[in-house]
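Enquirer: My structure is below; once you've seen it, I'll send some questions.
Nothing in this text is a laboratory measurement; each read-out follows from the coordinates by a stated rule. Everything numeric here is computed off the predicted structure, so don't read it as measured data. Positions of Cβ are backbone-derived with ideal geometry, glycine not excepted, and every protein chain shown enters the neighbour counts.
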């Protein structure tokens, strides 16, 4: 394996982190907050880490990227980002080491599971907390691909190792152009959301941090009561719309820009994604009315819509304490956590397209029980999917369910109750944020024991990188030559 | 419309991802161009999709649906190098129809190109035809005709040449620094490759036996210098050729034209008879040429050049090694698979030429014609030799070479002004309209291109 290339990747990521912390220090300076100097030192630490690593490794910039380099490179980059991203929390004195790492990893993986109890923090550090979401949303390695001169060969592997979904679409001949366009779209939509939020009355700081949380489907809010604290109909609606956008496939937005809007609308995954959001909203709203917890249909619909969209897109903003809702609504929300958004979005979860493939291959198995020799292709958007891809999705699903079970077992070992343990694992593994009971919508992850936090941190990373980059280096077959 | 300048980024569509197509796509994408690769074969397609930074498309490169997928309408160049001549021609035609300005195709079958044939005036839709056999035969002839040469490239319409030679054991040139080395006037040691690394030597540099030396200058002067350094004196007089097929026959005719004594081995009696009929001055022997006794008897130990050009890679490599062992001064093997050429050269074959690689470099040369008049990529990516028409507004123009900020790994080896060729020094001032031939190691190529680029536009 080419260690130099892995180091190079990590060095560049460290620079990006340093620049981000520097920007946060800038915000701190604007508000004249006391955390300015400590943020500057944090940024310096990132850059000081980057400099020697870069000097040693820059010759590998155009190295060939094999499977090992891609997976290990992405995994190492994310670990480096997490550790360097935790430094500001430590220096500003918000958290101890474990909590700082937890908050950092929760930010980059766009989970939004927080251990923050005291929200009266300076602006700089709160800005950094939200910015980690925004970095992690489109992906720090994709950012690297967009900015730097092309790597040698096999760059598509790096891209695929970080991007969500079973297939990574190349939209332009040069991968760098694809990465750039994705970032342009990401930046463009983010800017639009921030401006609209300001237009409906939010202050710039609130608008920007909530935009970071929305577009990355993260969920960190500078308010203890999340989006509910804004008490604004309009802001809620704007955030709902942009959560739906962030959970959709960004490649489709590029199609729309290229004038192929009609084809984008025919995408089977997009249709199922929107259908699930709509149907779940109606079901939850009805259950709230029937259970009698909500009197007015409008009130029920408003809360159901926000919670359903926030949970299925794995954002994790809340406007209502869904932990107090009826069992049907709670169960449906937890199931939606596993569904997640579309491939090529910033969302977590299993992804709608995988479920579509699973459903179709199950249907094929049933049909073949009756017609054993039937040849039935698995189609998505009227295109046949190769069988090896179907098999890999089946394997992914098995691993996903197994990890959920093992994770729940491990978290339950610190004696927190089944619902808390299972929902905490579901909410972190799927990069959602809030769970049920002890980790419910109005509470947070501070009471979980340190061991449980470490388990959840690993799960967040596994979920965001879709298992492979984290799991493969621990297998023997990965290292066999 | 030959505007595909090397500096600007262009969009190239390569049809066929076999060895030739894959290699062309690799080089173009490394140079920062946008590239799409189309192949019907699933394995070739997957290899391109995984290994290269290109848009890989699975399908037939001549079908309208696939062309649409590759956005052929905005392509600047189409390269058709599938195994089938017919598919290559149709792909070019289809590309022309949607307005691709430049097309190149590999055509193997002579029947399409022979005089008198309906297509001989140039194939419709194809701007540039590359025949691998002809290309590799030309290369063999060029190399065979220069004493001791391992590679020969010509520039400025044949006035300037680059010759690569290996410094002979015990050569006097290894004793003194370059500045004290007496070489014929009009030639410059522009590059030296030692231990796999290429550098541009300074005056105090001392050569070692075994170094590969790149000589750049006037054609006669480089030939004389090649003689001096390689220790192989006089023009080659005796050549032995194994195999008289498509490539062999062309080589034989070319060598006869240069009055080099030739012995040809051809195992197929009918083919041998045909060769004997065409080749008037050569000796044709109807034998496979593997038997050591026959090889010795026919003079391999005293041959200046031994060329193995049968259709069988393994046979070519092994007989070339055998000839080298028997004492032939230089051995050249035709090795179809380019992947082999590096290792073949490392085990003792002086020159291994691959028709596939030749095809790829010929097409790349064609593609790059723009601000660069001509560019030769040297073996094993040692570097490049670039030929520039000096533009009045480029940074390299109007100042003495010492003042121009040349990168360490590059040197102007020859300047052609009108009819005269000269080797420049630090005081030379380039003028508009001069042709400058520059040797550059791989890392320095881009900087050199910038020095010669016009300041306005790209």
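Enquirer: Per-residue mean of other chain beta-carbon atoms within 10 angstrom of the beta-carbon, peptide A:172-179?
Expert: Neighbouring Cβ atoms belonging to other protein chains average 6 per residue here.
Enquirer: Continuing with the same structure: What list do you get for A:138, A:391, B:199 if you sort them by fewest beta carbons within 10 Å?
Expert: A:391, B:199, A:138
Enquirer: When the Kirkwood radius is taken over all Cα pairs of the protein assembly as shown, what Stokes-Einstein diffusion coefficient follows at 4 °C and 1.567 mPa s, in µm²/s?
Expert: 41
Enquirer: Sticking with this one: When you take every Cα atom in region B:11-130, what is the radius of gyration, and what is Dmax, the widest Cα pair distance, in Å?
Expert: 13.6, 45
Enquirer: Hey, another quick one. Kirkwood hydrodynamic radius (Cα pairs, Å) of region A:25-153?
Expert: Hydrodynamic radius (Kirkwood, Cα only) of region A:25-153 equals 15.8 Å.
Enquirer: For region B:238-358, just the Cα atoms, rotate onto the principal axes and tell me the three extents in Å, largest first.
Expert: 37, 28, 26
Enquirer: Is region B:214-277 best put as rounded, prolate or oblate by its Cα gyration tensor, with a ≥ b ≥ c the root eigenvalues, rounded for a/c under 1.5, and otherwise prolate when a/b is larger than b/c, oblate when not?
Expert: Verdict is prolate for region B:214-277.
Enquirer: I need A:299, A:123, A:210 ordered by Cβ neighbour count within 10 Å, fewest first.
Expert: Ordered from fewest to most neighbouring Cβ atoms within 10 Å, A:299, A:123, A:210 come out as A:299, A:123, A:210.
Enquirer: As a check on your grasp of the helix formula, calculate [θ] at 222 nm for chain B: sum -39500 (n - 2.57) over DSSP H runs of n ≥ 4, divide by the residue count, round to the nearest 500.
Expert: -9000 deg cm²/dmol
Enquirer: Of all DSSP beta bridges in the protein assembly as shown, what percent run antiparallel (nearest 5)?
Expert: Restricted to the protein assembly as shown, the bridges split so that about 55 percent are antiparallel.
Enquirer: While we're looking at this one, here's another question. For region B:172-282, evaluate the Debye formula with one uniform point scatterer on each Cα (no solvent term) and list log10 I(q)/I(0) at q = 0.09, 0.11, 0.12 Å⁻¹, rounded to two decimals.
Expert: Cα-only, vacuum Debye calculation for region B:172-282: -0.39, -0.53, -0.60.
Enquirer: A follow-up question, please. With every atom except the alpha carbons ignored, what do you get for Rg and Dmax of region B:366-452, in angstroms?
Expert: Expressed in Å, the Cα Rg and Dmax of region B:366-452 come to 12.1, 35.
Enquirer: Remind me, what semi-axes does region A:1-87 give for its equivalent ellipsoid, largest first in whole Å, using sqrt of 5 times each Cα gyration tensor eigenvalue?
Expert: So the three semi-axes of region A:1-87 are 29, 12, 9 Å.
Enquirer: Related question: Among A:69-81, A:277-289, what's the highest-first ranking by average C-beta atoms within 10 angstrom per residue?
Expert: A:69-81, A:277-289
Enquirer: What does the convex hull of the Cα atoms of region A:316-420 come to per residue, in Å³, rounded to a whole number?
Expert: 160
Enquirer: Would you mind giving the mean number of other chain beta-carbons within 10 Å of the Cβ of each residue in B:53-59, as a whole number?
Expert: Per residue, the number of nearby Cβ atoms from other chains is 5 on average.
Enquirer: Kindly identify chain B as rounded, prolate or oblate by the Cα gyration tensor criterion: order the square roots of the eigenvalues as a ≥ b ≥ c, call it rounded if a/c is under 1.5, otherwise compare a/b with b/c, prolate if a/b is larger, else oblate.
Expert: Cα axes put chain B in the oblate bin.
Enquirer: Strictly greater than 15 Å: what percent of every Cα pair in region A:94-166 meets that?
Expert: 62
Enquirer: Under 8 Å for C-alpha pairs, at least 6 residues apart: give me the relative contact order for region A:353-415, rounded to a whole percent.
Expert: Contact order relative to length: 31 percent.
Enquirer: Now a separate question. Which whole-number percentage describes the relative contact order of region B:366-452, with Cα contacts under 8 Å and a sequence gap of 6 or more?
Expert: After rounding, I find 36 percent.
Enquirer: Which order do A:351, A:330 fall in if you start with the one that has the fewest other Cβ atoms within 10 Å?
Expert: Fewest-to-most ranking of A:351, A:330: A:330, A:351.
Enquirer: Using mean Cβ contacts within 10 Å as the protection proxy, how do A:414-422, A:461-469 order, highest first?
Expert: A:461-469, A:414-422
Enquirer: Assign one of three labels to chain A, namely rounded, prolate or oblate, based on the Cα gyration tensor with a ≥ b ≥ c the square roots of its eigenvalues; rounded applies when a/c is under 1.5, prolate when it is not and a/b is larger than b/c, and oblate otherwise.
Expert: The shape class here is rounded.
Enquirer: Still on this structure, please answer the following. Considering only DSSP beta bridges where both residues belong to chain B, give the percentage that are antiparallel (nearest 5).
Expert: If we restrict to bridges inside chain B, about 55 percent are antiparallel.
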